[in-house]
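The values are calculated or read from the model by the stated rules, or taken from the named source; none is laboratory data. On a predicted model such as this, the values are computed, not experimentally measured, just so you know. Here the Cβ positions follow ideal geometry from the backbone for every residue, glycine too, while neighbour counts run over all protein chains shown. These area figures cover heavy atoms from the full protein model, side chains too; ligands, DNA and RNA do not enter into them. Shrake-Rupley method; radii C 1.70, N 1.55, O 1.52, S 1.80 Å.
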Amino acid sequence: MRPVKALTIAGSDSGGGAGIQADLKTFQELGVYGMSALTAVTAQNTLGVQGVYPLDAGAVAQQLDSIGEDLTPDALKTGMLFSSELIRVVAAKIRHYGWTNLVIDPVMVAKGGSPLLLEEAVAALRSELLPLAEVVTPNLPEAEILTGLPIRSLADKEEAARQLIGLGAHCAVIKGGHDQAGDRTVDLLYDGRSFDYLEAPRILTPHTHGTGCTFSAAITSGLACGMPLSSAVRQAKAFIQAAIEDGLGIGGGHGPTNHFAYQRRLRREMGGLKVDPDKMRRLLGVYFIMGSPNTGGRSPEEVLREAIAGGATLFQFREKGPGALVGSDKRDLAARLQGICREAGVPFLVNDDVPLAAELGADGVHVGQSDEPAAAIRAVLGLDKIIGVSAHTLAEARQAIRDGADYIGVGPVFPTSSKDDAEEACGPERIAELRAAGIRLPLVAIGGLTHENGARVLAAGADGLSVISAIAGAADVRASAAAFAALLR
């Protein structure tokens, strides 16, 4: 698999909390190969900035040429650019090489108050760089400078975001950390069509040096990996929230955030797994999936009871297809089926619907490639929930692992009628391919499984069999589930 690459064009922070140091740490933590082009060297620590030494424009241009001629980035970001001359050089090189997925962090002032962008450079930032941006990520003071608007309310934020899009950026994220009202921070994401609001608890700490650099680098990492922008922003929000909450507490002033925190949380070093990988493999055994459209008019509750009695080890509520319930009817059925699972000690997962899973306190969710990444979902549901991700290719499986999935659903292995938009069947060979490539995360086979072909899938390296119609549509549900369970023994 080709390594994913990201480039940061920014200043150096000798204290390590911001600038290219923060960016490269973030790239590394999110599984991205990081590259850098220095624009300035700063002498700084947690107490302040003691010196700023911008590089010659020719030196910056040469660095960008070295990258452009050999190491094309999948995404890139800018941070401290200092002067209009450097901004014009950077913009010209981005246009020359046709680089896309540009994230602009309009660094203007250090955490301690020292200026990092000359006043004369603001106009160049607006006219030269913003039209190239996939997304711009100002804090409130930076948004005020870029737009000329005082920002005092949510409506002001929305208008500022509109103006940033008007200046040429495809999308804008206006961060809410500088808004001291309330006990929650609200970041505003605007894509030119609709607003999205990302909330998190406000953490009262002086150790927030480099938050803007880290947040924008996390977005860059997500874009480099091919995430939709909204998913990349949500992952970045979870990354920076963990970095602030689990601060390092070093230095005598505005200390840095903890770039290790996000992955440590995903590895459960700070809370413990709900299930370890070996137990996850056992749970995946007979993975029964069902909603009311799958039961042939029979009671979903009775079908689930019979499936569990036959040996189903895990249940996923998937209410999709003709006649599927919606709203309160869907929620009420999910709650009843969850109750049956709890009585039997069988984990209850929800397909795709993260808000429903959160409302019910489900044991987890299973999501597809078009849904939010596992990391963003875990930020919503918590560390103790099971998150499964569907994958059709090795690249998708590796991305699921980077995002912190607990297991991967591989398929469709065989042709299936359960999904109208299903990918082409990949066969048991895909599971064998993932194992040969070193994928050790628990795998469950999805799609078209029967009593006749299940053994082939298990022999290829699957830990479990995910079944809908072969159990839910069987004349004898209990016997069908038992036959699948027998394949695992």
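Rounded to the nearest 10 degrees, the inclination of helix 84-97 to the longest alpha-carbon principal axis of the chain is 40 degrees. Pull out a ≥ b ≥ c, the square roots of the eigenvalues of the alpha-carbon gyration tensor of segment 419-489, then state rounded if a/c is under 1.5, prolate if not and a/b is larger than b/c, and oblate in the remaining case. It comes out oblate by the Cα gyration axes.
By the compact-protein rule of thumb, 2.2 N^0.38 Å, the alpha-carbon radius of gyration of segment 359-489 corresponds to a ratio of 1.06.
Rounded to two decimals, the Cα-based Rg/Rh of segment 341-385, with Kirkwood Rh, is 0.97. Could you tell me how far the Cα centroid of segment 426-454 sits from the Cα centroid of segment 345-389, in Å? Each part's Cα centre sits 22 Å from the other's. Taking other residues whose beta carbon is less than 10 angstrom from the beta carbon of GLY226, and scoring Lys, Arg as +1 and Asp, Glu as -1, yields -2. Per the Cα gyration tensor, segment 363-413 maps to an equivalent ellipsoid with semi-axes of 18, 10, 9 Å, ordered largest to smallest.
Of the solvent-accessible surface of the chain, computed with a 1.4 Å probe over protein heavy atoms with every protein chain present, carbon and sulfur atoms account for 52 percent. A protection proxy built from the mean count of other Cβ atoms within 10 Å ranks the segments 337-347, 168-178, most packed first, as 168-178, 337-347.
With an a/c value of 1.5 or above and a/b not larger than b/c for the gyration tensor axes a ≥ b ≥ c computed over the alpha-carbon atoms, segment 17-65 is described as oblate. Between rounded, prolate and oblate, where does segment 4-92 land on the alpha carbon gyration tensor, with a ≥ b ≥ c its root eigenvalues, rounded for a/c under 1.5, else prolate if a/b exceeds b/c? Oblate, since a/c reaches 1.5 and b/c is not below a/b.
For the pair ALA324 and GLU423, a Förster radius of 22 Å applied to the C-beta separation gives a FRET efficiency near 0.55, rounded to the nearest 0.05. If I take every Cα pair under 8 Å that is 6 or more residues apart in the chain, average their sequence separation and divide by the length, what percent do I get for the relative contact order? Answer for the chain is 11 percent.
Reported value for segment 387-448: 74 Å³ per residue, from the convex hull of its C-alpha atoms. Note the angle between two axes, namely the Cα long axis of helix 154-166 and the longest principal axis of the Cα atoms of the chain, as a number of degrees from 0 to 90, rounded to the nearest 10. Once rounded, one gets 80 degrees. When Rg and Dmax are taken over the Cα atoms of the chain, they come to 24.9, 78 Å. Here the simple spin-label model places points 7 Å from the Cα toward Cβ, and for ALA459 and SER230 these points are separated by 4.4 nm.
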